[in-house]
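The values are calculated or read from the model by the stated rules, or taken from the named source; none is laboratory data. Not measured: the values here are computed from a predicted model. Glycine gets a Cβ as well: all are built from the backbone with ideal geometry, and neighbour counts include every protein chain shown. When the accessible area is computed, the model is the full protein with side chains, heavy atoms only, and any ligands, DNA or RNA have been set aside. Shrake-Rupley method; radii C 1.70, N 1.55, O 1.52, S 1.80 Å.
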Amino acid sequence: QVQIVESGGGLVQSGGSLRLSCAASGNTGSAYAMSWYRQAPGNQRDLVATIGSGGATSYGDSAKGRFTASRDNVKKSMSLQMNNLKPEDTALYYCNVVIPTTEGGTISYWGQGTQVTVSS
């Protein structure tokens, strides 16, 4: 019903920048939230940035003021501009879409992830 595709990962040096993109398609409705998470092997999956359906944006601690998220509701897309990257940012980055249900719950969809590797 909902498909998610991420792109934009790659290998960069410390201090460099990357821009990740997420494209959603299918029956999302208009009330969905979009988020970027990241996970390194052996670690938990952590929130990087979230944008609600109304445009309110919040960042996880890992963003540290270096990342900027944006959303395009026409394209059903979300981007993550990552600046001043550090080796600890190395992870598989996942896009997430959360859709509220009529019974008060949510349905969550995940992309396959895009790899970000930051060398020192």
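Rounded to whole Hz and in sequence order, give me ³J(HN,Hα) for segment 24-37 from the Karplus expression 6.51 cos²θ - 1.76 cosθ + 1.60, θ = phi - 60°, writing x for Gly and Pro.
9, 8, x, 8, 7, x, 10, 9, 7, 9, 10, 9, 10, 10
Any chance you could check the Cα centroid distance between segment 91-115 and segment 2-43 for me, in angstrom?
Rounded to whole Å, the Cα centres lie 10 Å apart.
Just the number please: accessible area per residue for segment 1-65, 1.4 Å probe, all protein chains included, in Å². Don't skip to the end; give the middle numbers.
Working: 3450 Å² over 65 residues.
With the other protein chains kept in place, segment 1-65 gives 53 Å² per residue.
Pick from Pro87, Pro100, Pro41: which is most flexible by mean-square fluctuation in a GNM of the chain where alpha carbon atoms under 10 Å apart are linked?
Of the options given, Pro41 has the highest mean-square fluctuation.
Using amide H atoms built 1.01 Å from N in the peptide plane, name the residues 5+ places from Gly113, or on other chains, whose amide H lies under 5 Å from its own.
Sorted by chain and number, the residues that satisfy this are Glu6, Cys95.
Gaussian network model of the chain, Cα springs within a sub-10 Å range: biggest mean-square fluctuation belongs to which of Ala31, Ala63, Ala49?
Comparing Ala31, Ala63, Ala49 in the GNM, the peak value goes to Ala31.
What net charge do the residues around Thr90 carry, taking every other residue with its C-beta under 15 Å from that of Thr90, with Lys and Arg at +1 and Asp and Glu at -1?
Combined, the nearby Lys, Arg, Asp and Glu give +2.
Of the heavy-atom accessible surface of the chain (probe 1.4 angstrom), what whole percent is carbon and sulfur?
48
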